[in-house]
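One structure is given here, and the rest of the page talks about it.
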Amino acid sequence: MKLQIYTKILSSLFKSLGAIKANVKERRPLPKDDVSEDDPIAEENEKVIVNKPTEQEFVWHDLKNVPRTKERGESKGDRDWKNITGITIHQTACQFGNNPQRVLNVPVHGVTLSDGSIVLLHKPTDYMYHAGALNKTDIGIELSCNVPGVEGVAETFWLPKKYKHLKGEERLARASLPTEKQLEATKRLIKYYVDEVAENGGKIKYIHAHRQSSKSRVADPGEQIWKAVGEWAVEELGLDPHYGWTKGGLPLPDVWTGKANGVRYSSKYDGRLKK
Ligand SMILES: [Zn+2]
């Protein structure tokens, strides 16, 4: 997996190098021997090379206008920009791989994949069934991965029933954790939606976990994702996570938020922090 990511970064770096070379030629046609190390234009482009790859690492796939192949992937109606007030974070609880087409029927607005790809599936104004009572107000983002509710705790790791016999390390071995790049891509997608809603006259004020609107989705999106992405949105974007609050689900547990709010993870696992 890591090798693939590095290969991708390298190939995009070479692509951008190629693009910059072509650009230099266009701007100032020079005989080959005239291009020296201390050429001011080459120097200026050096800086571009440093900045470019980070932008190009994240590939955005716009599938908003691609017809769905299953009904569950279709929008259930429209809503006004003014009614969009939050973003709900999810984990898919299965690994879709890096082909954007494979998430086409996931009923949510945007998805991030392991290689850091960002897939746009629906407009924020499309009404999607992704988070029960939060469907009305929230944009849904899924991270394609399968991660335990609490890091390293096998009992908090959801797997299909056929894996019921797997315990401890054997169970955890089936996890497919989000990559660093995917977590970074998810932050970009959150920021993108905050900006897009603002540009259209609305305002995103809240960041939620699917857990908050579903008693059965205890581990959705899980400690690792919430810490990296949810708490980031609280700190960096000033979004309100509604600590202690639910809309038909369970409140954000202390073990995710790092705050002593007196909220257990579940009846099986405590994880409360001392005040
Ligand atoms: Zn979910």
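Please treat every number below as a calculation from the coordinates, not as lab data. Predicted model only: the values in this text are computed from it and were never measured. In this analysis, Cβ positions are derived from the backbone assuming ideal geometry, glycine residues included, and neighbour counts consider all displayed protein chains.
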Taking the square root of 5λ for each eigenvalue of the C-alpha gyration tensor of the stretch 85-215, the equivalent ellipsoid has semi-axes, largest first and in whole angstrom, of 27, 16, 13
A correct Karplus calculation of ³J(HN,Hα) over the stretch 83-98, with 6.51 cos²θ - 1.76 cosθ + 1.60, θ = phi - 60°, whole Hz and x for Gly and Pro, returns 8, 8, 10, x, 10, 9, 9, 10, 10, 6, 6, 7, 9, 8, x, 10
Between the modelled labels at Glu180 and Tyr129 (7 Å from Cα along Cα→Cβ) the distance in nm is 4.0 nm
Fewest to most Cβ atoms within 10 Å: Arg272, Arg217 sort as Arg272, Arg217
Put in order of increasing Cβ neighbours within 10 Å, starting from the fewest, Asp126, Asp195 give Asp195, Asp126
Here FRET efficiency (C-beta to C-beta, Glu71 to Lys164, R₀ 25 Å, nearest 0.05) is 0.25
Whole-Å distance linking the alpha carbon centroid of the stretch 57-108 with that of the stretch 156-200 is 15 Å
Spelling it out for Trp60: with amide H atoms placed in the peptide plane at 1.01 Å from N, the residues 5 or more places away or on another chain with amide H under 5 Å from its amide H are Ile118
Other residues with Cβ under 11 Å from the Cβ of Thr246 give, with Lys and Arg +1 and Asp and Glu -1, a net charge of +3
For the stretch 253-270, Karplus-derived ³J(HN,Hα) couplings (6.51, -1.76, 1.60; θ = phi - 60°; whole Hz; x for glycine and proline) come out as x, 3, 5, 8, 8, x, 10, 7, 9, x, 9, 5, 6, 7, 5, 8, 10, 7
Amide H proximity to Ile87 below 5 Å, modelled H, separation 5+ or other chain, gives Ile139, Tyr206, Ile207, His208
The stretch 169-246 -> Rg/Rh from Cα coords, Kirkwood Rh, value 1.02
